[in-house]
Amino acid sequence: MTTARISPIPSRPAAPAARRVPLVSSRSFVIVLALLGMWAIFAYLTHGTFLSARNISNLSRQTAVTGILAIGMVMIIVTANIDLSVGSLVGLSGLVSVLTQTTLHWGLLPSLAAGLLAGLAVGLLQGTLVAYLRIPSFIVTLGGLLAWRGATKGASGGNTFPIKVESFRRIGQSYLSPEAGWILAIVTVVAIAVWTIRRRGSRSSLGLASWTPLETALRIIAPVLLVVGFIKALNSYAGVPVPVVILLFSLFAATVVMQNTRFGRHLYAIGGNVEAARLSGIDPRRNVLAAFCVMGALAAVAGTVYTARVGSASPDAGTLLELDAIAACVIGGASLAGGRGTVIGACLGALFMASLDNGMSLQNVPDFIQDIVKGFILVLAVGIDMVQRRSD
């Protein structure tokens, strides 16, 4: 009698090891390297003027307006929409605030509220057209770009109106004291440390690959050194500009919203797959409408900062700022196809665009050359994003 041969039971393949979390995302790493390279080049070409304390202060104020707009824009882009009207809305909201001062003799808070309500109203209108009437956001906001610019020209009569309330002007032109600047630095450092440690703990609790203690320490130490160096440089000139404080507050609030709230998760889900989001119980229309309202409010905040910084409201205020905001988001890693993008990346992109403007201006590069360079960079960033999406 022959004995049947029993084939050995195939062993189960070993579970793949958890993929290590990179210390920084590839796009953020590239942006930081590009920024450092750009700063080194401009510092050499300007014989150190670009990295002087005074110019760093000017650069930070330039970044504030674009950064605030980019924070709102990334919320729109994550949902696979776009807002081309934010530059015109910056001009309109700033004019509304100043006109209430000159014609109605309103004080600081009422005039600020008037500009904010104007931004919210525009965001509500455009969001309703996009979310509920399903008109493409490109068309709605392109129309808004023209309509709100026309409204600004009509309301101003083509004239420039100086700010009447001095406290309004100080929003864009004043500085924190050195002591207040260091308090801001301490608060920022503590926030970075707490957020990093909590994020590491949440990844561990979800069973995801976490960071080693060394990686966690570096994620805290690197930004802390940047913050301390930044505050030290600003304090050596005149202090931290108030627009920078507004940008940092907006950055912190938006980061919490996008990463730690249901609303933020819903925006990413809508941009990733709107039908899947709808089937999972998410209301895309309500969330897209809310995103446009937030964008309108942030455009009004940017309008306040911009108007206060220049000291007046003019019919051409905010021209082309929408392109800077979109470029900042794309450079910072946001995808125009939706579902991808971070607030911090958008602010890094805003710093990149402001550095480019600032450095070329110091070199007296003609305006048309600056426009060509920025247009090329925008197309290049979108092209890189498309290549990455095809490879994913």
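The values are calculated or read from the model by the stated rules, or taken from the named source; none is laboratory data. Computed from a predicted model, the values in this text were never measured in an experiment. Virtual Cβ from ideal backbone geometry, glycine too; neighbours counted across all protein chains shown. What goes into the accessible areas is simple: the full protein's heavy atoms, side chains included, and nothing from ligands, DNA or RNA. Shrake-Rupley method; radii C 1.70, N 1.55, O 1.52, S 1.80 Å.
State whether the residues of the stretch 225-241 include one that is in contact with a strand residue (DSSP E or B) (Cβ under 7 Å, 6 or more places away or on another chain), crowded, with 17+ Cβ neighbours inside 10 Å and under 25 Å from VAL74 (Cα atoms).
First, pick out the residues of the stretch 225-241 that are in contact with a strand residue (DSSP E or B) (Cβ under 7 Å, 6 or more places away or on another chain): 238-241.
Then keep just the ones that are crowded, with 17+ Cβ neighbours inside 10 Å; that gives 239-241.
The next check asks that each one be under 25 Å from VAL74 (Cα atoms); those that pass are 241.
Scanning the stretch 225-241 turns up at least one residue that is in contact with a strand residue (DSSP E or B) (Cβ under 7 Å, 6 or more places away or on another chain), crowded, with 17+ Cβ neighbours inside 10 Å and under 25 Å from VAL74 (Cα atoms).
Assess whether ALA217 counts as being modelled with pLDDT of 85 or more and either closer than 20 Å to GLY345 by Cα or part of a helix (DSSP H, G or I) (or both).
On the way: modelled with pLDDT of 85 or more: no; either closer than 20 Å to GLY345 by Cα or part of a helix (DSSP H, G or I) (or both): yes.
So ALA217 fails the test.
So which residues in the stretch 232-278 are in contact with a helix residue (DSSP H, G or I) (Cβ under 8 Å, 6 or more places away or on another chain), part of a helix (DSSP H, G or I) and among the aromatic types (Phe, Trp, Tyr)?
Result: PHE252, PHE263, TYR268.
Look at ASP324 and say whether it is part of a helix (DSSP H, G or I), acidic (Asp, Glu) and open to solvent by 30 Å² or more (accessible area, probe 1.4 Å). Don't jump to the end; show me each part of the working.
Values: part of a helix (DSSP H, G or I): yes; acidic (Asp, Glu): yes; open to solvent by 30 Å² or more (accessible area, probe 1.4 Å): no.
Spelling it out, it is not the case that ASP324 is part of a helix (DSSP H, G or I), acidic (Asp, Glu) and open to solvent by 30 Å² or more (accessible area, probe 1.4 Å).
Every residue in the stretch 337-392 that is touching a residue at least 24 places away in the same chain (Cβ under 8 Å), outside any helix (DSSP H, G or I) and either surrounded by fewer than 17 Cβ atoms within 10 Å (Cβ to Cβ) or in contact with a helix residue (DSSP H, G or I) (Cβ under 6 Å, 6 or more places away or on another chain) (or both), please.
Correct list: ALA337, GLY338, GLY339, GLY341, GLN363.
Of the residues ALA302, ALA317, ALA277, which single one is farther than 23 Å from LEU378 by Cβ and out of contact with any Cys (no Cβ under 9 Å at 6 or more places or on another chain)? Break it down stepwise before answering.
Working: ALA302 fails: farther than 23 Å from LEU378 by Cβ; ALA317 fails: farther than 23 Å from LEU378 by Cβ.
On inspection, the qualifying residue turns out to be ALA277.
Given the conditions (1) of a type outside the set (Lys, Arg); (2) under 21 Å from the mean Cα position of the chain (by Cα); (3) surrounded by 22 or more Cβ atoms within 10 Å (Cβ to Cβ); (4) under 30 Å from SER111 (Cβ atoms), and given that ALA313 satisfies all but one, which numbered condition is not satisfied?
(2)
Quickly run through the stretch 99-154 and pick out the residues that are assigned to a loop (DSSP other than H, G, I, E, B), open to solvent by 70 Å² or more (accessible area, probe 1.4 Å) and either touching a strand residue (DSSP E or B) at 6+ places or on another chain (Cβ under 6 Å) or hydrophobic (A, V, I, L, M, F, W, C) (or both). Walk me through it before giving the result.
First, pick out the residues of the stretch 99-154 that are assigned to a loop (DSSP other than H, G, I, E, B): 103-107, 132-136.
With the extra rule that they be open to solvent by 70 Å² or more (accessible area, probe 1.4 Å), the set shrinks to 103-106, 132-134, 136.
Correct list: LEU104, TRP106, LEU133.
Per-residue answers, yes or no, for (1) hydrophobic (A, V, I, L, M, F, W, C); (2) at pLDDT below 95; (3) more than 30 Å from ILE135 (Cβ to Cβ):
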{"site": "ALA238", "(1), (2), (3)": "yes, yes, yes"}
{"site": "ALA253", "(1), (2), (3)": "yes, yes, no"}
{"site": "ARG262", "(1), (2), (3)": "no, yes, no"}
{"site": "GLU275", "(1), (2), (3)": "no, yes, no"}
{"site": "LEU279", "(1), (2), (3)": "yes, yes, no"}
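Any idea which of ILE56, ILE82, ILE77 is closer than 28 Å to PRO241 by Cα, among the hydrophobic types (A, V, I, L, M, F, W, C) and in contact (Cβ under 8 Å) with a residue 60 or more places away in the chain? Show your work before the answer.
Values: ILE82 fails: closer than 28 Å to PRO241 by Cα; ILE77 fails: closer than 28 Å to PRO241 by Cα.
None of the others qualify; the one that does is ILE56.
All but one of (1) closer than 27 Å to ARG61 by Cβ; (2) surrounded by 14 or more Cβ atoms within 10 Å (Cβ to Cβ) hold for ILE220; state the number of the condition that does not hold.
Checking ILE220 against (1) closer than 27 Å to ARG61 by Cβ; (2) surrounded by 14 or more Cβ atoms within 10 Å (Cβ to Cβ), the one that fails is (1).
In the stretch 66-85, which residue that is β-branched (Val, Ile, Thr) and outside any helix (DSSP H, G or I) is most open to solvent (accessible area, probe 1.4 Å)? Explain how you work it out, then say what you get.
If we filter the stretch 66-85 for residues that are β-branched (Val, Ile, Thr), which is where we start, we get 66, 68, 71, 74, 76-79, 82.
Going one step further and asking which of them are outside any helix (DSSP H, G or I), we end up with 79, 82.
Details: THR79: 8, ILE82: 25 Å².
Checking each candidate, the answer is ILE82.
Name the residue that is most open to solvent (accessible area, probe 1.4 Å), counting only residues in the stretch 31-65 that are over 18 Å from the mean Cα position of the chain (by Cα) and among the β-branched types (Val, Ile, Thr).
ILE41
Quick check on the stretch 242-283: of everything there that is more than 16 Å from ALA80 (Cα to Cα) and of a type in the set (Ser, Thr, Tyr), which residue is most open to solvent (accessible area, probe 1.4 Å)?
The first filter runs over the stretch 242-283 and keeps only residues more than 16 Å from ALA80 (Cα to Cα), leaving 242-257, 259-262, 279-281.
This time we only want the ones that are of a type in the set (Ser, Thr, Tyr), so: 250, 255, 261, 280.
Values: SER250: 17, THR255: 18, THR261: 43, SER280: 83 Å².
This residue is SER280.
Please specify each residue of the stretch 158-183 satisfying the condition of being crowded, with 18+ Cβ neighbours inside 10 Å and part of a helix (DSSP H, G or I).
Within the stretch 158-183, the first condition is being crowded, with 18+ Cβ neighbours inside 10 Å, and the residues that meet it are 161, 163, 165, 168-169, 171-172, 175-176, 181.
Result: PHE168, ARG169, ILE171, GLY172, GLY181.
Could you list, ordered by first residue, the pairs with Cβ atoms under 6 Å in which the first is in the stretch 24-37 and at pLDDT 70 or above and the second is buried (at least 16 other Cβ atoms within 10 Å of the Cβ) and acidic (Asp, Glu), at least 6 apart or interchain?
none
Quick check on ALA291: is it closer than 30 Å to GLY172 by Cβ, within 17 Å of the chain's Cα centre (by Cα) and surrounded by 18 or more Cβ atoms within 10 Å (Cβ to Cβ)? Spell out the reasoning first.
Numbers: closer than 30 Å to GLY172 by Cβ: yes; within 17 Å of the chain's Cα centre (by Cα): yes; surrounded by 18 or more Cβ atoms within 10 Å (Cβ to Cβ): yes.
Here the answer is yes, as ALA291 does meet what is asked.
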